[in-house]
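Comments concern the structure below.
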Amino acid sequence: MNWLTKTLGSSIGKKLMMAVTGLSFCGFLAVHLAGNLTIYGGKDAFNSYAEHLHSLGPLITAAEIVLLVFALVHVLTGLTLFYQNLAARPVRYRINRSAGGRTIGSGTMPYTGIFLLIFVVLHLMNFHFVDKTDTTIYNLVSAAFSRPLLVVFYIVAMVVAAIHVSHGLWSAFQTMGASHPKYTPFIKALSTVFAILVGIGFGFLPIYISIIA
Amino acid sequence: MTKTINLTLKVWRQKSPKDKGHFETYHARNISTDMSFLEMLDVINEQLTLDGREPIAFDHDCREGICGMCGAVVNGRPHGPEKETTLCQLHMRHFKDGDVLAIEPWRARAFKVVKDLVMDRTPLDEIMQAGGYISVNAGSAPDANTIPVPAETAELAMDAAQCIGCGACVAACPNASAMLFVGAKVSHLALLPQGRPEAARRAIRMIREMDNLGFGNCSNETECEAECPKGISITNIARLNREFFKASFFASEK
Ligand code: SF4
Ligand code: FES
């Protein structure tokens, strides 16, 4: 093995990959949310946003490939860490008690992560890998969210995403070594704010669409 | 007159590393609240010995919170429920009459249980042997002042050097990771000029050794920091990460 695979294969290296890919997803979420907000501008605003996005052509394909590779890295590394961490304590404690370090986010990362993976696959099947020749994305979205079950599922998924991000964002900074008495409180606050934005920002969209549809 | 309490203890008993082990229940009666947790175990052991039964094996040495030998998980909390307190310094006044306490050894694949509450912490020594040292003679105490070190840096190094190697961080970590220990050990040398020449090699070798020994991967749960009897901060883990990246990506060390 050369130095690079040794570095990335180490415990800290795996965490670095989680941090870099995870932070990219946070960036993606922010852009995705900003785009989705055009829904509040009405049908035409949303459709034209989608059109503009697709007119970027190869740029979009490149971004999609990067996201896909990052997703693979994030999921596979995450599952490896999950398995290794379970194996690191073969005999469990009779009583487990937190000293206050754990949060709902940090304690559920693998589970919220697996749930989000399922969500992302379904989400892509709902809105990405569908024939859009004689319909618009707006019609697709409003048809989908006229089904109450789907609305509920999306809201749950966004709460889960918020929980995942609430730990993920600050954790990524800590992993990359960015810890400082001056900035760490800000980063932690940012994680919480960002998590709330993701939860409410995305979570409210299906509700809004189901109301106006 | 001193106050006394009665407790029910559910203690992990395991004859040997191969034995499966099980919990046994003991009744601790008339325990003075002035006693330490280990003294309470001494009392139980005296009674067990008088009854012709095998006393509970547990580790200890200094009994003043500085050696890192003692430790057990009490109701899910390594070194018991008090903050920044080792088991030997934990007093029975923190418990109530009638409390039921489950007492277990540190649980981690890397720490084998030798007997009852005694586990083998050699893996922490092996991590130290991999790089937790300075190869040249750094001199005696007065020589420390020949190279000026800013007071703030010296304080940070001293904070990290407080780690007593008890392993409670591993025990507390949901992933059984040793990152707080390694973070403290790498930090206290990396912060000082005497430790810089070997910093890259140290960070890489200690992390590799830690991974080989079967400790888990840190996921920033921060339970270690909350349980560490010496209050070692996770900023030391961030520093370890920085040292490791610096060494891996920018140093010639392989
Ligand atoms: S970092 Fe704290 S808990 Fe871990 S070995 Fe050192 S003193 Fe013990
Ligand atoms: S016996 Fe030395 S620290 Fe507890």
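Taken together, the values in this text are just the output of simple stated rules run on the coordinates, not laboratory data. These numbers were taken from a predicted model, which means no experiment stands behind them. Every residue, glycine as well, gets a Cβ built from its backbone with ideal geometry; the counts of neighbours run over all protein chains shown.
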Hey, B:Arg107 within 14 Å of chain A (Cβ to nearest Cβ) and under 16 Å from the mean Cα position of the chain (by Cα) or not: yes
Residue under evaluation B:Ala160, criteria (1) of a type outside the set (Phe, Trp, Tyr); (2) in contact with a Ser or Thr (Cβ under 6 Å, 6 or more places away or on another chain); (3) within 16 Å of ligand 2 (Cβ to nearest atom), criterion not met: (3)
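Could you look through region B:227-254, keep only residues that are of a type in the set (Gly, Ala, Ser) and not in a helix (DSSP H, G or I), and pick out the one that is farthest from B:Ile207 (Cα to Cα)?
Pass one, region B:227-254, residues of a type in the set (Gly, Ala, Ser): B:231, B:233, B:238, B:247-248, B:251-252.
Restricting the remaining residues to those that are not in a helix (DSSP H, G or I) gives B:231, B:233, B:251-252.
Numbers: B:Gly231: 22, B:Ser233: 18, B:Ala251: 15, B:Ser252: 17 Å.
In this case the residue turns out to be B:Gly231.
A:Val130 - would you say it is part of a helix (DSSP H, G or I) and either among the polar types (S, T, N, Q) or over 30 Å from B:Ala178 (Cα atoms) (or both)? Give the steps one after another, and end with the answer.
Working: part of a helix (DSSP H, G or I): no; either among the polar types (S, T, N, Q) or over 30 Å from B:Ala178 (Cα atoms) (or both): yes.
Against the criterion (part of a helix (DSSP H, G or I) and either among the polar types (S, T, N, Q) or over 30 Å from B:Ala178 (Cα atoms) (or both)), A:Val130 does not qualify.
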Members of region B:100-124 found to be charged (D, E, K, R) and either crowded, with 16+ Cβ neighbours inside 10 Å or in contact with a Lys or Arg (Cβ under 7 Å, 6 or more places away or on another chain) (or both), listed by number: B:Glu104, B:Arg107, B:Arg109, B:Lys115, B:Asp116, B:Asp120, B:Arg121
Of all residues making up region B:158-204, the number that are more than 11 Å from chain A (Cβ to nearest Cβ), of a type in the set (Gly, Ala, Ser) and either within 8 Å of ligand 1 (Cβ to nearest atom) or closer than 27 Å to B:Ala110 by Cα (or both): 9
B:Thr86 within 12 Å of ligand 2 (Cβ to nearest atom) and away from chain A (no Cβ under 12 Å): yes
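Please go through region B:6-49 and pick out each residue that is assigned to a helix (DSSP H, G or I) and in contact with a Gly (Cβ under 9 Å, 6 or more places away or on another chain). Before the answer, list the steps.
At the first step, the residues of region B:6-49 found to be assigned to a helix (DSSP H, G or I) are B:37-49.
B:Phe37, the sole residue that qualifies.
Whether any residue in region B:89-100 is within 12 Å of ligand 1 (Cβ to nearest atom) and of a type in the set (Phe, Trp, Tyr) is what I want to check.
So in region B:89-100, the residues within 12 Å of ligand 1 (Cβ to nearest atom) come out as none.
There is no residue in region B:89-100 that is within 12 Å of ligand 1 (Cβ to nearest atom) and of a type in the set (Phe, Trp, Tyr).
Which residue out of A:Ile114, A:Ile60, A:Ile118, A:Ile155 is in a helix (DSSP H, G or I), within 30 Å of B:Val73 (Cβ to Cβ) and among the aliphatic types (A, V, I, L, M)? Let's see the steps before the verdict.
Details: A:Ile60 fails: within 30 Å of B:Val73 (Cβ to Cβ); A:Ile118 fails: within 30 Å of B:Val73 (Cβ to Cβ); A:Ile155 fails: within 30 Å of B:Val73 (Cβ to Cβ).
Just a single option satisfies the conditions, and that option is A:Ile114.
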The lone exception for B:Thr49 - which of (1) free of Cβ contacts under 8 Å to residues at least 12 places away in the same chain; (2) hydroxyl-bearing (Ser, Thr, Tyr); (3) surrounded by 20 or more Cβ atoms within 10 Å (Cβ to Cβ) it fails: (3)
